[in-house]
Amino acid sequence: MAIFLTKTCIFHPLSISLSKSITPNFPLYKIHPISFSVKATKMEESEIKEVGEAGGSTQKKIFVAGATGSTGKRIVEQLLAKGYSVKAGVRDFEKAKTAFSTNSALEIVKADVTEGSDKLAEAISDDSEALICATGFQRSWDLLAPWKVDYYGTLNLVEACRKRGVKRFILISSILVNGAAMGQLLNPAYIFLNVFGLVLVAKLQAENYIRKSGINYTIVRPGGLKNDPPSGNIIMEPEDTLSGGSISRDQVAEVAVEALNHPEASYKVVEIIASPDAPKRSFEELFGAIKQQ
Ligand SMILES: NC(=O)c1ccc[n+]([C@@H]2O[C@H](COP(=O)([O-])OP(=O)(O)OC[C@H]3O[C@@H](n4cnc5c(N)ncnc54)[C@H](OP(=O)(O)O)[C@@H]3O)[C@@H](O)[C@H]2O)c1
């Protein structure tokens, strides 16, 4: 049986294995030119302020990079549903037109992460309080694509945040990015993904850059991504723990959005998969149980 059949599930969906044991109790879109800006509401300290009532007015604007992607789109939808204003960074306006329904809280801006931090800083502008990065290189003959997008692209976003004073950064990364150090060099997923331009290595380097940048980060490392609705509860583990398993993109988006309002998520790397056998736990418990080294 082929392990990697489609782009939507690149890890073996049937074999959830952990390199450390799981403890029992863990459980109107509107298109604006880049220069568009509205009155800024800056973050206090490193934490995002409380969200208003759903549908109520809120000045918070979250920038989503890779907003037209399978996970990015879900992040945008969930943010809007929770009352956030969203600035969706996209490469392709035409694709964005079909991806999003009309919503006065949604602004769409051009943001190709390979075009440098100055252009990204223009797109982020003065009104973004936090950034969620859900970019990922698209398969092509360009073996450097992972480095251009998943490494330099993410660095460009971090630098753009610095230029704009954005203090909160959520990155969607991947389990097994540190597979070599975990003794997972022969893990088929680790081999397969790195065959395509060493994408896991590129992602790990980007993670390390973020961690040294001083920005308040949450790095979310999901297992294999599925478009199906959630079929189990979230398992959240510390970095370099999970070496298999899968999770619905809906849940990955939820973790990214919830990280914004949970101080327990600050300065942490979390690995996530889902399992029907896992107990349901609140996000306070999930993030709170992660002890960052
Ligand atoms: N697939 C898996 O099983 C799996 C497992 C673990 C982690 N991950 C990671 O999770 C993240 C989300 O995965 P996904 O499958 O939801 O991704 P996806 O659907 O492939 O979306 C990736 C997004 O990145 C955007 N992008 C690509 N190059 C860009 C550039 N130069 N500038 C700006 N945006 C760019 C794409 O733009 P367009 O929409 O214009 O193409 C797309 O919106 C990725 O980082 C991926 O590596 C995936």
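Just so you know, all these numbers are worked out from the coordinates, no wet-lab data involved. In this text the structure is predicted, and so the values were computed from the model without any measurement. Every residue, glycine as well, gets a Cβ built from its backbone with ideal geometry; the counts of neighbours run over all protein chains shown.
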Using a 10 Å cut-off on Cβ atoms, rank the peptides 67-74, 274-281 from the highest mean neighbour count down.
67-74, 274-281
Quick one: which residues, 5+ away or cross-chain, put their amide H under 5 Å from the amide H of Gly224? H built at 1.01 Å from N.
Phe11, Gly245, Ser246, Ile247
For the stretch 145-161, Karplus couplings with θ = phi - 60° (6.51, -1.76, 1.60), whole Hz, Gly/Pro x
3, x, 6, 5, 9, 7, 9, 4, x, 5, 4, 4, 5, 4, 5, 5, 4
For the peptides 142-151, 252-261, what is the packing order when you average, over each peptide's residues, the other Cβ atoms within 10 Å and list the highest mean first?
252-261, 142-151
Residue-by-residue Karplus 3J(HN,Hα) for the stretch 258-272, coefficients 6.51, -1.76, 1.60, Hz, glycine and proline x
5, 4, 4, 10, 10, x, 5, 8, 5, 6, 10, 10, 10, 9, 9
Which translational diffusion coefficient, to the nearest whole µm²/s, is obtained for the stretch 30-288 from the Stokes-Einstein equation, given a Kirkwood hydrodynamic radius over C-alpha pairs, 20 °C and 1.002 mPa s?
118
